[in-house]
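*Asks:* Below you'll find the structure I mean.
The values are calculated or read from the model by the stated rules, or taken from the named source; none is laboratory data. Predicted model only: the values in this text are computed from it and were never measured. Using ideal geometry, Cβ is built from the backbone for each residue, glycine included, and neighbour counts are taken over all protein chains shown. Remember, those area values only see protein heavy atoms, side chains included, never the ligands or the DNA or RNA. Shrake-Rupley method; radii C 1.70, N 1.55, O 1.52, S 1.80 Å.
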Amino acid sequence: MAIDDITQKVSDRYARAAATGEQMCCPTGYDFADLKSFVPEEVLTISYGCGTPAGLNTVQSGETVLDIGSGGGIDCFEAARRVGPTGRVIGIDMTDTMLEIARRNAPIVAGNLGYATSNIEFRKGMADVMPVEDASVDLIISNCVINLAPDKRKVFREMYRVIKPGGRFTISDIVSDQVVPQYLVHDAAKWGDCLSGALQVQDYIGGMVDAGFRAVHQIKSTPWQSIDGIHFLSVTLTGYKFPAIVGEKASSYATLRGPFSSVTDELGQRYERGVPQRIDGPSTQLLQSEPLRSLFLLGPTPVTLAATDPRWCAIHPEQKPCVWQGAYAILTGPIISAEDDDHHQYYRGVPLEICSKTLQVLTQEAYRPHFTIYQRASAAVDGTEVACSPTGGCC
């Protein structure tokens, strides 16, 4: 199917939904009881998405926020409340019907929020050619829209272009655990259902890193549905456009605390737990970012950690038989690969089947933020207990 055909069919589908009130099948998670206090019912009935990127306390007062695929405006209106009257919100959408509804309700929302004038502007445009100035946005949000774009890497490059140095994105979208086959890619109806255009997790995150974003990581994830053995997940991701490093930075050192026994960061640098490593300015900037700093000790002098040090973090599986029950783990943290204490190798975005003991490890607090866990088994598995490796490690 040609790119122009995909774009037109998706636009027509959402225009029809806006006109008829058709319910699009996506897991939204909106708090409608709260939103009803200031968002008109007309907007709430046509609100589609797979997350709540504007409602995760990522929007700060006074910021400029861009919503890619703003639809009827629900996420823009939530962002407008959070940035306050001194902030600014820009929504872009390709569907005239959606833009008409959003623009009509913008002054109503402003009045409900007590603002003298609306702080929202809705523009017609495409995600891969955004009508937005370079380096003009503090935060990009998007809710189940980028998967509808035929060329997602172009969208990621556009995002990087319009975000200010030091800015960030928080987007919710549908991704897949396997490559979507051609018979689904060319199914027009499933494009509108947020299925045919879904990228594998590794390609989605990898495209963002290739565009220039760093410390890309998962905020939350939810299994959505399975079609012909392909599992689709709703994920919310955040990443950063770091400012340029000015001047020479003093040398610093990083020591991996854990819980991983080793990790490789987005710059290709590998770290072993407890072993100090000298790092340069870009690595320091990366490891100081919010999603990574808890994994490391950073400072001007090298620090070696022993297993007896309270700062050392390790979580070992119970030494007992395990059961295979259909659980899979996908590394979605801000690192490209990692190893645990039983030598499981995790690669970001790549599913790995895990036994019951590894599942128990990865759901512990130290590991949980870095993984998406889901079930591939279509029914309950009555698995028998099996022995782990002869050396006593996990499967």
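*Asks:* What fraction, in whole percent, of alpha-carbon pairs in the stretch 54-149 exceed 24 Å separation?
*Replies:* 12 percent
*Asks:* Let me ask something additional. Could you check the simple spin-label distance between S61 and A314, using points 7 Å along Cα→Cβ, in nm with one decimal?
*Replies:* For S61 paired with A314, the spin-label model returns 4.7 nm.
*Asks:* 5 Å is the cut-off here: which amide hydrogens, built 1.01 Å from N in the peptide plane, fall below it relative to C50, excluding neighbours closer than 5 in sequence?
*Replies:* Distant-sequence amide H within range of C50: C144.
*Asks:* Can you compute the equivalent ellipsoid semi-axes for the stretch 269-395, i.e. the square root of 5 times each eigenvalue of the Cα gyration tensor, sorted largest first and rounded to whole Å? It would help to have the intermediate numbers written out before the result.
*Replies:* Numbers: eigenvalues 193, 60, 23 Å².
Semi-axis lengths for the stretch 269-395 are 31, 17, 11 Å.
*Asks:* Further question on the same structure: With unit charges on the beta carbons (Lys and Arg positive, Asp and Glu negative) and the dipole taken about the Cα centre of the stretch 41-138, which residue among L113, M94, Y48 sits farthest to the positive side?
*Replies:* Going by the Cα projections, it comes out as L113.
*Asks:* Compactness ratio of the stretch 258-310: Cα Rg over 2.2 N^0.38 Å, N = residue count? The partial results should precede the final answer.
*Replies:* On the way: Rg = 10.7 Å, N = 53, 2.2 N^0.38 = 9.9 Å.
Compared with the compact-globule rule of thumb, the stretch 258-310 sits at 1.08.
*Asks:* Still on this model: Roughly how many Å² of R376 are accessible to a 1.4 Å probe, to the nearest 10?
*Replies:* Here the accessible area works out near 80 Å².
*Asks:* Moving on to the next point. If you bin the C-alpha pair distances of the chain every 10 Å from 0, what whole percents do you get?
*Replies:* Going out from 0 Å in 10 Å bins, the chain shows 5, 22, 29, 24, 15, 6, 0, 0 percent.
*Asks:* Moving to a separate point now. Quickly work out the D34-to-D151 label distance, labels modelled 7 Å from Cα along the C-beta direction, and quote it in nm with one decimal.
*Replies:* 3.8 nm
*Asks:* Next question. Heavy atoms only, probe 1.4 angstrom, no DNA, RNA or ligands counted: give me H316, H231 ranked by accessible area, highest first. Before the final figure, lay out each step's value.
*Replies:* Numbers: H316 115, H231 25 Å².
Heavy-atom accessible area, descending, gives H316, H231.
*Asks:* Starting from the alpha-carbon convex hull of the stretch 163-236, give the projected area averaged over all orientations, in nm².
*Replies:* Numbers: hull surface 21.7 nm².
For the Cα atoms of the stretch 163-236, the hull's average projected area reads 5.4 nm².
*Asks:* While we're on this one: For T64, T45, write out the residues from largest to smallest accessible area, computed with a 1.4 angstrom probe and no ligands counted. Kindly include the intermediate steps, with their values, before the conclusion.
*Replies:* On the way: T64 20, T45 60 Å².
Listed by decreasing accessible area, they come as T45, T64.
*Asks:* Oh, and also: Evaluate the distance, in nm, between pseudo-label points positioned 7 Å from the Cα of T45 and of A135 along their respective Cα→Cβ axes.
*Replies:* 4.6 nm
*Asks:* Going highest first, how would you order 285-297, 217-229, 162-174 by mean Cβ packing within 10 Å? Present the calculation step by step, with values, prior to reporting the outcome.
*Replies:* On the way: 285-297: 18.2, 217-229: 16.3, 162-174: 21.8.
The packing order, highest mean first, is 162-174, 285-297, 217-229.
*Asks:* Suppose R0 equals 51 Å. What FRET efficiency, 1/(1 + (r/R0)^6) with r the Cβ-Cβ distance, do D280 and S378 give to the nearest 0.05? Before the final figure, lay out the partial values.
*Replies:* Numbers: r = 48 Å, r/R0 = 0.95.
That pair, D280 with S378, gives E of 0.60.
*Asks:* Let me ask another. In the neighborhood of R273, defined by Cβ-to-Cβ distances under 15 Å, what is the net charge if each Lys or Arg adds +1 and each Asp or Glu adds -1? Write out the running numbers ahead of the final one.
*Replies:* Numbers: positive: R257, R270, R311; negative: D265, E272, D309, E339, D340, D341, D342.
Summing Lys/Arg as +1 and Asp/Glu as -1 gives -4.
*Asks:* I need the helices of the chain that pass two filters: whole DSSP H segments spanning 27 Å or more by Cα along the axis, and mean Kyte-Doolittle score no lower than 1.6. Could the numbers behind the result be given before it?
*Replies:* Numbers: long enough: none.
Span-like helices, by this rule, are absent here.
*Asks:* I've got another one for you. Please give the charge dipole size of the chain, origin at the Cα centre, charges +1 on K and R Cβ atoms and -1 on D and E Cβ atoms. Round to the nearest 20 debye.
*Replies:* On the way: 34 positive and 45 negative charges, 154 e Å.
Here the chain has a charge dipole of around 740 debye.
*Asks:* Test of understanding: what is the full-extension gain from H186 to I108, defined as 0.36 nm times their sequence separation minus their Cα-Cα distance? Mind dumping the intermediate values first?
*Replies:* Values: separation 78, 0.36 × 78 = 28.08 nm, distance 4.04 nm.
Taking 0.36 nm per residue and subtracting the Cα distance, the gain is 24.0 nm.
*Asks:* Where does the chain land at 222 nm, in deg cm²/dmol rounded to the nearest 500, when only DSSP H runs of n ≥ 4 count, each adding -39500 (n - 2.57), divided by all residues? Don't skip to the answer; put the middle values down first.
*Replies:* Details: 12 runs with 103 residues, N = 395.
After summing the helix terms and dividing by residue count, I get -7000 deg cm²/dmol.
*Asks:* So if R0 is 41 Å, what FRET efficiency would I227 and Q288 give, r being the distance between their Cβ atoms, rounded to the nearest 0.05?
*Replies:* Numbers: r = 41 Å, r/R0 = 1.00.
It comes out at approximately 0.50.
*Asks:* So, one more: Just to verify a number: FRET efficiency for D96 and A306, C-beta to C-beta distance, R0 = 51 Å, to 0.05? Don't jump to the answer; show the numbers that get you there.
*Replies:* On the way: r = 64 Å, r/R0 = 1.26.
The pair D96/A306 has a calculated efficiency of 0.20.
*Asks:* So what's the projected area for the stretch 91-228, the Cα convex hull averaged over all directions, in nm²?
*Replies:* Values: hull surface 39.3 nm².
Seen from a random direction, the Cα hull of the stretch 91-228 projects 9.8 nm² on average.
*Asks:* Project the alpha carbons of the stretch 51-93 onto their principal axes and report the range along each, largest first, in whole Å.
*Replies:* 23, 18, 12
*Asks:* Let me ask something additional. Taking the Cβ of D134 as the centre, find all other residues whose Cβ is under 15 Å away and add up their charges (Lys, Arg: +1; Asp, Glu: -1). Intermediate results must be reported in sequence, preceding the final value.
*Replies:* Values: positive: R157, R161, K164, K241; negative: E133, D138, E158.
Around D134, the surrounding residues sum to +1.
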